[in-house]
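J.: Pasting a structure below so you can have a look.
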Ligand SMILES: N[C@@H](CCC(=O)N[C@@H](CS)C(=O)NCC(=O)O)C(=O)O
């Protein structure tokens, strides 16, 4: 099974925090060591992308196990809840992408400074997840005619509803989604952009100038910049 998987190892530039710099140095001098983290997800951005961005931002070396659709049926039965992504660390394995992002947000120092700040980050992240869930309902609709109508409605109502409010949040928060500074909510949002763009088109998102500036800023960060 393992041989059929396409695996990427990431070792990227570290960022500001000294601990992260240390971590990066370790990975530079011991590149052959097995990465401490393994992300298992499909070979597409999806729910794996925010996790990848957080690893890259923090300079955390991880194994990016990319599962092909044709291999999924075999693997599905071996997963805790029949779904991906999964994160493996120290012989343990967990599911749930948002929980994984929250954990990584703390690891790479992009979490809140107290419980209230964490709540503010979580609220934005859950709102982004709400938008994603509404889009998923449309994407999964099998009836072609109904799907077309649902998509038209979503583009007219749901998408502007959420994006205009998220855009206003960024304007209010000094160019970020929460707390007036970079948090894991920003990387979570940008990790969702491939899915959002596929559904609504890049032009739609670009109309929300504060969100667009945020996306560009995240893509320019050391570690994330291609
Ligand atoms: N709440 C879960 C949802 C996970 C989920 O829906 N995963 C999808 C891919 S995005 C999946 O594994 N689909 C394959 C299947 O259900 O067989 C999370 O955020 O991790």
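The values are calculated or read from the model by the stated rules, or taken from the named source; none is laboratory data. Small disclaimer: the values here were computed from a predicted structure and weren't measured. Please note: Cβ atoms are built from the backbone with ideal geometry, for glycine as well, and neighbour counts cover all protein chains shown.
J.: Can you name every residue in region 182-206 that is surrounded by 15 or more Cβ atoms within 10 Å (Cβ to Cβ) and not in a helix (DSSP H, G or I)?
T.: Of everything in region 182-206, those that are surrounded by 15 or more Cβ atoms within 10 Å (Cβ to Cβ) and not in a helix (DSSP H, G or I) turn out to be 182, 183.
J.: While we're here: With (1) within 13 Å of the ligand (Cβ to nearest atom); (2) touching a residue at least 12 places away in the same chain (Cβ under 8 Å); (3) surrounded by fewer than 12 Cβ atoms within 10 Å (Cβ to Cβ) as the list, and residue 133 as the residue in question, which single condition is left unmet?
T.: (2)
J.: If you don't mind, another one. Please verify whether region 45-58 includes one or more residues that are more than 10 Å from the ligand (Cβ to nearest atom) and either assigned by TED's automatic domain parsing to the domain that holds residue 183 or over 24 Å from residue 177 (Cα atoms) (or both).
T.: No, because not a single residue in region 45-58 is more than 10 Å from the ligand (Cβ to nearest atom) and either assigned by TED's automatic domain parsing to the domain that holds residue 183 or over 24 Å from residue 177 (Cα atoms) (or both).
J.: Give region 155-177 a look and list any residue that's surrounded by 17 or more Cβ atoms within 10 Å (Cβ to Cβ), over 20 Å from residue 122 (Cβ atoms) and without any contact (Cβ under 8 Å) to a residue 40 or more places away in the chain, or say none.
T.: Result: 158, single match.
J.: Restricting region 79-121 to residues that are within 11 Å of the ligand (Cβ to nearest atom) and at positive phi, which is surrounded by the most Cβ atoms within 10 Å (Cβ to Cβ)?
T.: This residue is 96.
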